[in-house]
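Undergrad: Take a look at the following structure, please.
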Amino acid sequence: MKKSIFAALLVVALYQVYQQNPQFAEQVQAVLPAGLAPNAPGSRAEAAGERQLAEAYQNRVSDVQVGGSGRVIKILADDTKGSRHQKFILKLVSGQTLLVAHNIDLAPRLDGLRVGDSVTFYGEYEWNKHGGVLHWTHHDPAARHVGGWLELHGRRYQ
């Protein structure tokens, strides 16, 4: 019984630290071995992310932090109006498509990105009728928003 109470208090404390410091999730991810990364391909967290994306799309929900991975099916021209964004479309295992808008003024461009590449992601989902848009795939210089990232060929872009 005491162990259960301690575990519950620990979870609550960690959640409160996360709420106070959005960079906490990034710090935890940085110290985990690659196989334990929250959104490693084939992980339980990635499957949960796929479900979360499917539910967000079905329920027309936006402003949701999501993680997962997908295959690049199309590379689009950069958006150069305002902040510059590298844009491409991923197809998820579920069949859902996801437009990625990666801010290349705040994070490096994904070098050598090709159709067929697998990209792992963590960012903010915005609903649209085509499957949705993923953005905030970079750090927040003001540290007010949870930082996101993209991974391609073992390299993290944030």
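The values are calculated or read from the model by the stated rules, or taken from the named source; none is laboratory data. Here the structure is a predicted model, which is why all the values come from computation and not from measurement. As a convention, Cβ positions derive from the backbone with ideal geometry for all residues, glycine included, and neighbour counts pool all protein chains shown.
Undergrad: Within the stretch 95-118, can one find any residue that is among the acidic types (Asp, Glu), more than 13 Å from residue 53 (Cα to Cα) and touching a residue at least 60 places away in the same chain (Cβ under 8 Å)?
TA: So far as the stretch 95-118 goes, no, none of its residues is among the acidic types (Asp, Glu), more than 13 Å from residue 53 (Cα to Cα) and touching a residue at least 60 places away in the same chain (Cβ under 8 Å).
Undergrad: For the stretch 136-152, which residues satisfy the criterion of being surrounded by fewer than 17 Cβ atoms within 10 Å (Cβ to Cβ) and either within 14 Å of the chain's Cα centre (by Cα) or modelled with pLDDT of 95 or more (or both)?
TA: Across the stretch 136-152, the qualifying residues are 140, 145.
Undergrad: Something else now. Within the stretch 141-151, can one find any residue that is among the β-branched types (Val, Ile, Thr) and farther than 21 Å from residue 61 by Cα?
TA: no
Undergrad: For the structure I just gave you, tell me whether residue 95 is closer than 15 Å to residue 131 by Cα and crowded, with 19+ Cβ neighbours inside 10 Å.
TA: no
Undergrad: Further, regarding this structure: Are there any pairs, at least 6 apart or on different chains, whose C-beta atoms fall under 6 Å, with the first in the stretch 47-68 and not assigned by TED's automatic domain parsing to the domain that holds residue 123 and exposed (fewer than 15 other Cβ atoms within 10 Å of the Cβ) and the second of a type in the set (Val, Ile, Thr) and at pLDDT below 90, and if so, which?
TA: So the pair list comes out empty.
Undergrad: Still on this structure, please answer the following. Part of a loop (DSSP other than H, G, I, E, B), touching a Pro at 6+ places or on another chain (Cβ under 9 Å) and over 17 Å from residue 75 (Cβ atoms) - does that describe any residue in the stretch 109-125?
TA: No: zero hits.
Undergrad: Tell me which residues, restricted to the stretch 52-81, are farther than 16 Å from residue 130 by Cα, outside any strand (DSSP E or B) and out of contact with any Asp or Glu (no Cβ under 9 Å at 6 or more places or on another chain).
TA: 52, 77, 78, 80, 81
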